[in-house]
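**Q** The structure's right below; bear with me while I get my questions together.
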Amino acid sequence: MDKDILDQKQGLMLCAGDNAMYHEILKAFVESDFASILKGYFSTQDWDNYRIAIHGTKSGANSIGATR
């Protein structure tokens, strides 16, 4: 894995420096099943929910410092 993908300092900053909170958010993001959700919306051409899910995925990634 490319270590430069995750900016832990930024993720911690967004959690007000709370390491435990950051790890909870990171764990929830890793355990989520964004790929299946997106594939489902894509396969049924449910573009409204697909856009919402993409935005949520992007926001979640940003909250853990995965901005690339």
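**Q** If residue 1 satisfies all but one of (1) open to solvent by less than 100 Å² (accessible area, probe 1.4 Å); (2) modelled with pLDDT under 95, what's the number of the condition it fails?
**A** (1)
**Q** Between a first residue in segment 7-31 that is surrounded by 14 or more Cβ atoms within 10 Å (Cβ to Cβ) and a second residue that is among the aromatic types (Phe, Trp, Tyr), which pairs have beta carbons less than 7 Å apart while being 6 or more apart in sequence or on different chains?
**A** Between residues of segment 7-31 that are surrounded by 14 or more Cβ atoms within 10 Å (Cβ to Cβ) and residues that are among the aromatic types (Phe, Trp, Tyr), the close pairs are 11/22; 12/22; 15/22.
**Q** Follow-up. Could you tell me which residue of segment 19-48 is nearest to the chain's Cα centre (by Cα), considering only residues that are part of a loop (DSSP other than H, G, I, E, B) and at pLDDT 95 or above?
**A** 46
**Q** Look at segment 32-48 and say how many of its residues are surrounded by 14 or more Cβ atoms within 10 Å (Cβ to Cβ) and not aromatic (Phe, Trp, Tyr).
**A** 3
**Q** Still on this model: Where the second residue is open to solvent by 30 Å² or more (accessible area, probe 1.4 Å) and in a helix (DSSP H, G or I) and the first is in contact (Cβ under 8 Å) with a residue 24 or more places away in the chain and at positive phi and lies in segment 56-68, which pairs have Cβ atoms under 6 Å and are six or more apart or on separate chains?
**A** The qualifying pairs are 65/8; 65/10.
**Q** A further question on this structure: Any residue that is assigned to a loop (DSSP other than H, G, I, E, B), out of contact with any Phe, Trp or Tyr (no Cβ under 7 Å at 6 or more places or on another chain) and among the basic types (Lys, Arg) - is there at least one of those in segment 49-68?
**A** Yes - at least one qualifying residue is present in segment 49-68.
**Q** Another one. Go through segment 1-18 and give me each residue that's part of a helix (DSSP H, G or I) and either closer than 14 Å to residue 59 by Cα or not basic (Lys, Arg) (or both).
**A** 4, 5, 8, 10, 11, 12, 13, 14
The values are calculated or read from the model by the stated rules, or taken from the named source; none is laboratory data. Note that the structure is a prediction, hence the values are computed from the model and not measured. Methodologically, a virtual Cβ is constructed for each residue, glycine included, from the backbone with ideal geometry; neighbour enumeration extends over all protein chains shown. The protein model used for the area step is the full one, side chains on, heavy atoms only, and it has no ligands, DNA or RNA in it. Shrake-Rupley method; radii C 1.70, N 1.55, O 1.52, S 1.80 Å.
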